Amino acid sequence: MEPTDHRSAVGELADDLRWLEDHCRRQPDLAAHAGTLRLASALTRNVIGPFLEGQPARPLHVAVVGGAGAGKSTVVNFLAGAVVAEANPQAGYTRHPTAFLPPGPAFHWPTYIGFMGPLHRLAGDKPANADEDVYQVKRVPGDAESPLGDFVIWDCPDMTTWASAGYVSRLLEVAALADVVVYVASDERYNDEVPTQFLHLLVKAGKAVVVVLTKVREADAAALAEHFRQEILGRLPKLPDGTSPAVPVLTFPQMPHAERTDPAGAGAKHRVPLLNQILTLAGADTAARVRTVTNATKYLTTAGDGLLDVARRDLAEFDAWKAAVAAGRAEFEERYRKEFLSGEQFHRIDRYRDELMDQMELPGAGRLVGGLIWLARTPYRWTRDYVGKLVSRPEVYNLPEQTVLTAALTGWLDRLQAEALRRAPTHPVWKAIAVRFESELGPQARERFAGQFRDFELKETDELERAGKRLVDTLEKNPALLYTLRGGKLAVDLAVVGGILYLTWPPGWSLLILIPLGVSATHQAAELAVRGIVEGVRTRVRSQREDLVTTALTAPLAGWLAEWPATGGSSIEKLQQVLRRVPDTIRKLDERVRAKAAEWAATPASGGREPPDPPAHQGAHAPRSPETA
Ligand SMILES: Nc1nc2c(ncn2[C@@H]2O[C@H](COP(=O)(O)OP(=O)(O)O)[C@@H](O)[C@H]2O)c(=O)[nH]1
Ligand SMILES: [Mg+2]
């Protein structure tokens, strides 16, 4: 990859995952999966992109997340050491994320293109409940040296449902960005399903997570923390090395108002352990950032397959459509065979048969002998025609070919439409087909078929003509064979007559019966031979016609129908593209991140942070520096 190739790769991957996310959002039962995809695309644009672009490690980001009313804003205030976030009893009050920058000199806010995706930085101040795709940046007031001096602290919207495209997406955007996540759960709702799923997702995505259980009665603290470890964290999948992910669990007690609103003073005894945990977890800046980025690519690499599951499932529906098209085609061909081909006599061939029989008759002088023999066959001819009329069944009325083909096409399309309608509620691929069937697919298919049919008609006439001609031409172009046959027939006739005369000598009245019988028998034999040849031709023509229907009509139409849902900028076309492209891009970015991480490791690491200031409050827990923890 060229030095700047990562930009297009990052943009492409983030866009592909975003597209897949939107695609999933259209299927309500895939809301959680859409969330996973959102996290993946946000990791790409907010973590991998800036890292490859050479953004410095500072500032690190700590995101405070959790269910409604869990105490997130309260925890944000404890991290900041001042009341900066609006703690509000109203659930779902915070609708967009707010970043709190530490006091002191402004630091470099990431300027990477695509950073935070669709979220715009809000200019000016807005209440936290403004429900827009924005984030706010505020500064922690005061100029005290804060222990989290190089962290941006994010207060996030609640995690209550996967189904909201709005604030869940904003939350995921920030969660992806975070180097450390503080997951807040209150004593009364610590095992709510959706926030727990969210916690699991964050841990699986390799985020450094600290859990804070709030509003816990002092007496229950240890037991609750243990219970949480067992029940909530215990359900997490093990790491590849067989250990469980290390997620520290802290408890915040029910705090009186005075403590809650004075985190650096009266509340410091609760604050310090939390700060310690975060500093411990984060470690040095560069190390923290490298871990955030490498965990992000690791997650994308291992979760990539799962992320694309939906795309694969959709393509499986597409395959089901193709199968329905193929089944319809088979039915079409079967119907053509049954309703037309089996009953079709190709009468044009009979004309060639008569021509062939005529050719067997002798020309010139031979015609006199032939005429006499013909005369002798008169009773046979009459009897044959009479019996023929008696035994021949009236010809079955065969439907015209075009009628059969048109009906078969209607059957094929009706069957497909019924299938699309039946499956429309189960999957968007079918729904899209069903919606566009009446107005687009049906008319377009008929139009194509009509065009193909004209072509088919020309070819079939041509084929029939050629088969018949070949029959007659064989004799016409081969005079030796023709004369042998003619002479042969005459010779047999004469031999039969001679034989009868010899056997019945002296001639009597019986000859009048025996000679016509004899020459009729030879003629009948000749006619049977010709008929056999002609029937062979008829069979060949029939199978040629069957092939022609396949190559000129059903195969091209089936091909077109099968691909129809994947054309015209449809989602299937895009799905195929995404499925091809995403694993490839993830691999490229992974390589690039590894290389860059190795570069960072080679340069002297920036040092650890100062431990938090000892709290003014008496009896507080002694702060631990990250190095000694
Ligand atoms: N009594 C008491 N109330 C708390 C405590 N922590 C949070 N609260 C209240 O719980 C409500 C929700 O807290 P908040 O931090 O806004 O939660 P968020 O919705 O997760 O941001 C607010 O009214 C807080 O004042 C606590 O320790 N004790
Ligand atoms: Mg809040």
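The values are calculated or read from the model by the stated rules, or taken from the named source; none is laboratory data. Please read these numbers as outputs of a predicted model, since none were measured by experiment. Using ideal geometry, Cβ is built from the backbone for each residue, glycine included, and neighbour counts are taken over all protein chains shown. Accessible surface areas use protein heavy atoms only, side chains included; no ligands, DNA or RNA. Shrake-Rupley method; radii C 1.70, N 1.55, O 1.52, S 1.80 Å.
Taking segment 80-115 as the range and being of a type in the set (Phe, Trp, Tyr) and within 16 Å of ligand 1 (Cβ to nearest atom) as the test, the residues that pass are Tyr93, Phe100. Looking at Ala57, is it touching a strand residue (DSSP E or B) at 6+ places or on another chain (Cβ under 6 Å) and buried (at least 20 other Cβ atoms within 10 Å of the Cβ)? It is false that Ala57 is touching a strand residue (DSSP E or B) at 6+ places or on another chain (Cβ under 6 Å) and buried (at least 20 other Cβ atoms within 10 Å of the Cβ). Within segment 295-308, the set of residues being open to solvent by less than 70 Å² (accessible area, probe 1.4 Å) and either out of contact with any helix residue (DSSP H, G or I) (no Cβ under 9 Å at 6 or more places or on another chain) or not hydroxyl-bearing (Ser, Thr, Tyr) (or both) comprises Asn295, Ala296, Leu300, Ala303, Gly304, Gly306, Leu307, Leu308. Checking every residue in segment 50-68 against the condition of being in a loop (DSSP other than H, G, I, E, B) and within 16 Å of ligand 1 (Cβ to nearest atom) gives at least one match. Within segment 161-183, the set of residues being touching a Leu at 6+ places or on another chain (Cβ under 7 Å) and away from ligand 2 (no atom under 16 Å from the Cβ) comprises Leu172, Glu173, Ala176, Asp179, Val180.
Is there a residue in segment 372-387 that is modelled with pLDDT of 80 or more, of a type in the set (Gly, Ala, Ser) and surrounded by fewer than 13 Cβ atoms within 10 Å (Cβ to Cβ)? No, that holds for no residue. Candidates are the residues of segment 142-166 that are within 16 Å of ligand 1 (Cβ to nearest atom) and surrounded by fewer than 23 Cβ atoms within 10 Å (Cβ to Cβ); the one that is modelled with the lowest pLDDT is Ser164.
For segment 87-127, a residue qualifies if it is in a strand (DSSP E or B) and open to solvent by 20 Å² or more (accessible area, probe 1.4 Å), and the qualifying residues are His120, Arg121. Please specify each residue of segment 428-443 satisfying the condition of being modelled with pLDDT under 90 and open to solvent by less than 20 Å² (accessible area, probe 1.4 Å). Selection gives Val429 alone.
Residues in segment 75-86 that are more than 8 Å from ligand 2 (Cβ to nearest atom) and assigned to a helix (DSSP H, G or I): Val75, Asn77, Phe78, Leu79, Ala80.
Summed over segment 261-285, the residues that are under 51 Å from the mean Cα position of the chain (by Cα) and of a type in the set (Lys, Arg) give a count of 1. Of the numbered criteria (1) away from ligand 2 (no atom under 16 Å from the Cβ); (2) assigned to a loop (DSSP other than H, G, I, E, B); (3) within 30 Å of Ile48 (Cα to Cα), the one Asp158 fails is (1).
Note on segment 187-287: no enclosed helices (runs of 4 or more DSSP H) hold 3 or more residues that are among the hydroxyl-bearing types (Ser, Thr, Tyr) and open to solvent by 20 Å² or more (accessible area, probe 1.4 Å). Can you confirm whether Gly71 is of a type in the set (Gly, Ala, Ser), surrounded by 24 or more Cβ atoms within 10 Å (Cβ to Cβ), within 13 Å of ligand 1 (Cβ to nearest atom) and more than 11 Å from Thr261 (Cα to Cα)? So Gly71 passes the test. All but one of (1) part of a strand (DSSP E or B); (2) more than 23 Å from Pro248 (Cα to Cα) hold for Val182; state the number of the condition that does not hold. Every listed condition holds for Val182 apart from (2). Out of all the residues in segment 184-205, is one or more within 16 Å of ligand 2 (Cβ to nearest atom), under 21 Å from Pro110 (Cβ atoms) and in contact with a strand residue (DSSP E or B) (Cβ under 7 Å, 6 or more places away or on another chain)? No, every residue in segment 184-205 fails to be within 16 Å of ligand 2 (Cβ to nearest atom), under 21 Å from Pro110 (Cβ atoms) and in contact with a strand residue (DSSP E or B) (Cβ under 7 Å, 6 or more places away or on another chain). Checking every residue in segment 542-564 against the condition of being modelled with pLDDT under 90, of a type in the set (Ser, Thr, Tyr), out of contact with any Lys or Arg (no Cβ under 7 Å at 6 or more places or on another chain) and farther than 30 Å from Pro273 by Cβ gives zero matches.
The residue list His33, His96 contains one member that is at pLDDT 85 or above and outside the structural domain of Arg271 (by TED's automatic domain parsing), which is His33. Please identify the pairs in which a residue from segment 1-27 that is in a helix (DSSP H, G or I) and open to solvent by less than 70 Å² (accessible area, probe 1.4 Å) has its Cβ atom under 6 Å from the Cβ atom of a residue that is modelled with pLDDT under 85 and hydrophobic (A, V, I, L, M, F, W, C), counting only partners at least 6 apart or on another chain. Close Cβ pairs satisfying both conditions: Cys24/Val310; Arg25/Ala165. Mind checking whether some residue in segment 340-358 is open to solvent by 80 Å² or more (accessible area, probe 1.4 Å) and not in a helix (DSSP H, G or I)? Within segment 340-358 (the criterion being open to solvent by 80 Å² or more (accessible area, probe 1.4 Å) and not in a helix (DSSP H, G or I)), the answer is yes, since at least one residue qualifies.
For segment 522-541, taking the residues that are over 26 Å from Gly343 (Cα atoms) and surrounded by 14 or more Cβ atoms within 10 Å (Cβ to Cβ), the one that is farthest from the chain's Cα centre (by Cα) is identified as Thr522.
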